[in-house]
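J.: Sharing a structure with you now.
Read-outs: derived from the displayed coordinates by stated rules, not from any lab. In this text, all values refer to a predicted model and were calculated from it rather than measured experimentally. All Cβ positions, even for glycine, are placed from backbone atoms using ideal geometry, and neighbour counts span all protein chains on display.
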Amino acid sequence: MPTTSAGSSAPLGSPVNLPLWPFASLDQARTWEASYRAGGTQPWHLDAGQTALSFTQGYLGFTGVDKVLSAVVTNGRDTRVGVGFAAPGDPGRTVTAAVLHLVRYGPDADAPWEVVGTADTTLTLTQPAYGSVVRSPLTVGGAITGVDESIRVQIRTPAQTAPLADRPGLPAGGSGTPWRVTIAFPYPGGPVLTVVASTGGHLAPVERFAITGVRTG
């Protein structure tokens with residue numbers, strides 16, 4: 001399964017393992033760690049599944065993707081979490097929208113989880129390359145398998161709730177068919193951006209999504 005990040009062997013914060021959310025820096029993660037040890041603040045940071053859902057619903061705004069469907073943890077420090085939703089009108093069936101890659105942000109056993117990328121299958125986001133330095137306008141692309149798809153591309157930064165840029169409605173479909181779009185964005189005031197591609201409209205507004213992390217300098 002291809003992944004947008006290179007894996008947990010590289011330090012989190014290096015170009016091959018970017019901290020996308022919820023902490024923008026190791027100092028922020030350590031500040032939370034100290035407050036949790038002192039008073040139990042925001043314990044969900046220790047739960048990879050809850051962190052994945054908070055990222056999906058709270059940061060990306062994909063509120064219909066509301067279930068943790070799978071979790072594979074390696075050595076307690078690296079995990080792949082599948083998030084998705086219940087298929088409407090089909091009791092018991094669930095649909096995985098994405099598999100998020102998370103790692104522990106810091107060396108401690110109780111270091112918080114951090115989203116660093118996705119493991120992509122039928123919707124991929126391969127351009128720009130993970131960890132690359134980008135400028136506006138940005139060419140975004142990948143491949144998709146599906147019928148009558150409509151790809152939406154967003155660029156996000158943890159510094160604000162609304163996307164820096166939003167480009168909906170790119171028609172797409174086929175079997176492993178390339179897709180590509182150019183999107184302009186203002187300077188974000190932060191070093192790391194999340195590029196998001198999503199598609200839906202058959203069963204739910206968002207049925208699949210993929211992310212990649214890039215740098216502004």
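J.: List the trypsin sites (Lys or Arg not before Pro) within the stretch 38-115 that fall in a DSSP loop (any state other than H, G, I, E or B) and whose Cβ has at most 12 other Cβ atoms within 10 Å.
T.: Values: sites: K67, R77, R80, R93, R104; in loops: R77, R93.
Passing sites in the stretch 38-115 are R93.
J.: Is it possible to state the helix-based mean residue ellipticity at 222 nm for the chain, with each DSSP H run of 4+ residues giving -39500 (n - 2.57), the sum divided by total residues, to the nearest 500 deg cm²/dmol? What is it? Mind dumping the intermediate values first?
T.: Working: 2 runs with 21 residues, N = 217.
It lands at -3000 deg cm²/dmol.
J.: Something else: In nm, to one decimal, how far is the modelled label at D66 from the one at A159, with both set 7 Å along Cα→Cβ?
T.: With each label placed 7 Å out from Cα toward Cβ, I get 3.4 nm.
J.: With r defined as the distance between the Cβ atoms of H202 and W44 and R0 fixed at 41 Å, what FRET efficiency is calculated, to the nearest 0.05?
T.: Numbers: r = 31 Å, r/R0 = 0.76.
Between H202 and W44 the formula returns 0.85.
J.: If you don't mind, another one. On a full-extension model of 0.36 nm per residue, what is the gain between V181 and S136, subtracting their alpha-carbon distance, rounded to one decimal in nm? Write down the numbers at each step before the final one.
T.: Values: separation 45, 0.36 × 45 = 16.20 nm, distance 1.26 nm.
The span from V181 to S136 would gain 14.9 nm if fully extended.
J.: So, one more: Treat the count of other C-beta atoms within 10 Å as a stand-in for reagent exposure and order H101, H202, H45 from fewest to most.
T.: Working: H101 25, H202 12, H45 22.
Lowest to highest Cβ neighbour count: H202, H45, H101.
J.: Could you state the number of Å between the C-alpha centres of the stretch 47-96 and the stretch 139-160?
T.: Comparing the Cα centres of the stretch 139-160 and the stretch 47-96, I get a distance of 18 Å.
J.: Any chance you could give the angle, 0 to 90 degrees and rounded to 10, that helix 26-39 forms with the longest Cα principal axis of the chain?
T.: Helix 26-39 sits at roughly 60 degrees to that axis.
J.: If you plug each phi of the stretch 189-195 into the Karplus form 6.51 cos²θ - 1.76 cosθ + 1.60 with θ = phi - 60°, what whole-Hz ³J(HN,Hα) values come out, in order, with x for Gly and Pro?
T.: So the Karplus estimates, Gly and Pro as x, are x, x, x, 10, 10, 10, 9 Hz.
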